Amino acid sequence: MGPLAIIHFHVSHIAWILADPLQGRPAPDMILCPEVMSTGPSKDKARMKIRSIRATPVLIPLEAPYVWSYGVLDGFTKCVIEVETTDGLTGIGEAPSHTAAPIIAGWAERLKGCDPLDISALERMVLPSMPFNHSVTDFTTRGAWGGLEIALWDLRGKLWDQPVANLLGGIHRREIPFTDYFAYRLKGDDGKGGEANIDEVVGYCLGLHEKFGTTFFEGKVADPDLNANIALMQALRVALGPRAMLRIDSNQAFSLPSARYLAPAFEEIGLRNWEDPTPEWRQMAKLRRHTSIPFSGHNLDLTKAMAFGVPDALVSDIAGMGGFSAMLRFVSACEGAGVDFWCYSGDSGLGTAAFLHACAAHPHIREPNQSLLRQQPHDVIVEGPFSPRDNVVPLPEGPGLGVTLDPDRLAFCAQLLKDRGVPNKYHDPDNPGVMRRMPLI
C-alpha cells in the first residue's frame, strides 16, 4: 500500500500524522501570551490565569528488580507537574521522565499570566512542530509538554466539575482492564521478589489469581535458553488454565530463526499477544508467515505498521505522545487503520489516572493495558497505588483526573530520586559495565 492509498484509506484519521500539524504557524519563541478570552463557564473564571508551574522529578521504585532482555530494572523516574492559577485551582499531571523538570521550569515564566484553558495556544508557545517519528522530533520535550497538558486537562475538569473523560468526549467504560505482570526478579530490599525459576514465577502468578482474581497476565520472556521460554509458558498455561489471558514481551530478544523456533509452541499455548519478538519490524513481518499470534510494538510509526502488516498493536503512554489531545488523535488513526492500541506501565498514580480517563473516553482502547501497579509500593497520590481486582481498575470518581496529590508522598519520592539516583535499566548484573546487544540469540 503506497502513501496515496494510506491517505485515501482514512484521511480524517491519518493525514495529520503525515503532515506538519503546525505548518505556517509562528515559531514558539515568537509567540506572546495570548489575550485571555471567554472560554470558561463564567467571565470571572475565564479571566483566570496561570500563577505558577512547578515540576518535581521523582523516583517510582519497584518492590523488587525485574529481569528483562537488556538487563535489570528497579524503578522509573517521572516528573510531577502542578499548574496553579490565580483563582487558587491547581491542575496536576505527570511527564515520563525526570528530564522533563528543567524543560518545564524553563517554560514556567513564559506561561505565567496566560489563560490555562487555551491549551492549543500554550502548546504553540513552547512546543515546536514535531511529527511522531522524524529526525526533528525531540521526544523529551514532547513528553514534557505532554505532562503539562495532562495537568491543564485536570485543571479544566476541576473548573467545570467534570471528569476528564467527559471532556474528552464521554465515558464509554468505567472499568478499565489491566494485565498483571510477571518476570524473573531479584530480591528486593524488604525480601519481596526473588522469583528465580519457573516454579516460583508460576507460584507468584497463582498468588495474584487467588488474592486479586487476576486472569490477565503479561510477562518478560527473553531467556537465551529457548526451551526455557517454552517451558515457562507451558507451566503457566497448565497452572492458570485455558481461560487465562497470557501475553508476553520479549523486548527484541530473539533473532528471526529463534523466534520461528519459539512460535509453534507459543501458538499451541494460546498466547494472546507477543510484544517485540524481534529487533526489527521487517523480521517481524517475516515471522508473521509462520504464526498467527498477534504482535505489538512501541515504535509509533503507524504508516510503517500498515505497510508491513505488523505489528497488530501499538503500545505507548499519554505524556510521551504529547498529551491527551495528540494521543487520542493517534488512537483514532489506529482505529481507522485496523491497528490496536493500549497503554504501557511504570507510571505513578497520576500517569495511571490519565490512562484510565483516556481508555474510558476512547472506545478503540479495548485490550488490557500493561500494569506494574502491583509491584510499585510507593506513589505520589492519596488514592494510590492503584490495584487491579478481577483484571480491572475503576475510573476515578470526581472532577479532573479524580485523584489528589499527596505532598508528603511527593516529597518522599523526590527524596528517593536524590538518594538513589536515576535507575540504570541496562545494568547487567552478570556482566557489569557491558551493555547487551539484541538479539540475545
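Considering region 383-394, the residues that are open to solvent by less than 30 Å² (accessible area, probe 1.4 Å) and over 16 Å from the mean Cα position of the chain (by Cα) include one that is farthest from residue 218 (Cα to Cα), namely 384.
In region 370-383, the count of residues that are more than 14 Å from residue 181 (Cα to Cα) and basic (Lys, Arg) is zero. Could you tell me whether region 352-363 includes any residue that is at pLDDT below 95, over 20 Å from residue 82 (Cβ atoms) and under 16 Å from the mean Cα position of the chain (by Cα)? No - not one qualifying residue is present in region 352-363.
For the subset of region 335-350 comprising residues that are under 8 Å from the mean Cα position of the chain (by Cα) and of a type outside the set (A, V, I, L, M, F, W, C), which member is farthest from residue 98 (Cα to Cα)? Here the residue is 344.
Taken together, the residues in region 267-288 that are open to solvent by 20 Å² or more (accessible area, probe 1.4 Å), closer than 26 Å to residue 369 by Cβ and acidic (Asp, Glu) amount to 2.
Residue selection: residue 380 satisfies the criterion of being aliphatic (A, V, I, L, M) and either closer than 26 Å to residue 64 by Cβ or open to solvent by 40 Å² or more (accessible area, probe 1.4 Å) (or both). Within region 357-377, if we keep just the residues that are of a type outside the set (D, E, K, R), out of contact with any helix residue (DSSP H, G or I) (no Cβ under 8 Å at 6 or more places or on another chain) and buried (at least 19 other Cβ atoms within 10 Å of the Cβ), the residue that is farthest from residue 58 (Cα to Cα) turns out to be 368. Residue check: residue 371 meets all listed conditions (1) under 15 Å from residue 394 (Cβ atoms); (2) modelled with pLDDT of 95 or more; (3) out of contact with any Leu (no Cβ under 7 Å at 6 or more places or on another chain) but one, namely (2).
Only one entry in 111, 152, 148 is among the hydrophobic types (A, V, I, L, M, F, W, C) and more than 19 Å from the chain's Cα centre (by Cα), namely 111.
Candidates in region 416-441 are the residues that are part of a loop (DSSP other than H, G, I, E, B) and acidic (Asp, Glu); of these, the one that is modelled with the lowest pLDDT is 430.
Residues that are surrounded by fewer than 17 Cβ atoms within 10 Å (Cβ to Cβ) and outside any helix (DSSP H, G or I) occur at least once in region 142-163. Taken across region 255-266, residues that are within 21 Å of the chain's Cα centre (by Cα) and surrounded by 19 or more Cβ atoms within 10 Å (Cβ to Cβ) do not occur at all.
Looking across region 289-303, the residues that are surrounded by fewer than 18 Cβ atoms within 10 Å (Cβ to Cβ) and within 30 Å of residue 137 (Cα to Cα) come down to 298, 299, 301.
On the given criteria, is residue 421 in contact with a Pro (Cβ under 9 Å, 6 or more places away or on another chain) and at positive phi? No: the conditions fail for residue 421. Among the conditions (1) at pLDDT 95 or above; (2) in a loop (DSSP other than H, G, I, E, B), the only one that residue 331 does not satisfy is (2).
Restricted to strands (runs of 3 or more DSSP E) entirely inside region 1-111, those with at least 2 residues that are at pLDDT 95 or above, of a type in the set (S, T, N, Q) and surrounded by 15 or more Cβ atoms within 10 Å (Cβ to Cβ) are 71-85. In region 397-408, the qualifying residues are those that are part of a loop (DSSP other than H, G, I, E, B) and either open to solvent by less than 20 Å² (accessible area, probe 1.4 Å) or out of contact with any helix residue (DSSP H, G or I) (no Cβ under 6 Å at 6 or more places or on another chain) (or both), and the one that is farthest from residue 174 (Cα to Cα) is 406. Against the test of being open to solvent by 10 Å² or more (accessible area, probe 1.4 Å) and in contact with a Gly (Cβ under 9 Å, 6 or more places away or on another chain), the options 166, 197 yield a single qualifying residue, 166. Inside region 252-309, residues that are in contact with a Pro (Cβ under 9 Å, 6 or more places away or on another chain), under 20 Å from residue 438 (Cα atoms) and free of Cβ contacts under 8 Å to residues at least 40 places away in the same chain make up a count of 12.
The values are calculated or read from the model by the stated rules, or taken from the named source; none is laboratory data. Since we're looking at a predicted model, the values are computed, not measured. Cβ sites come from the backbone with ideal geometry, for glycine too, and all protein chains shown count toward neighbours. Calculation scope for accessible area: heavy atoms of the full protein, side chains included, ligands and nucleic acids excluded. Shrake-Rupley method; radii C 1.70, N 1.55, O 1.52, S 1.80 Å.
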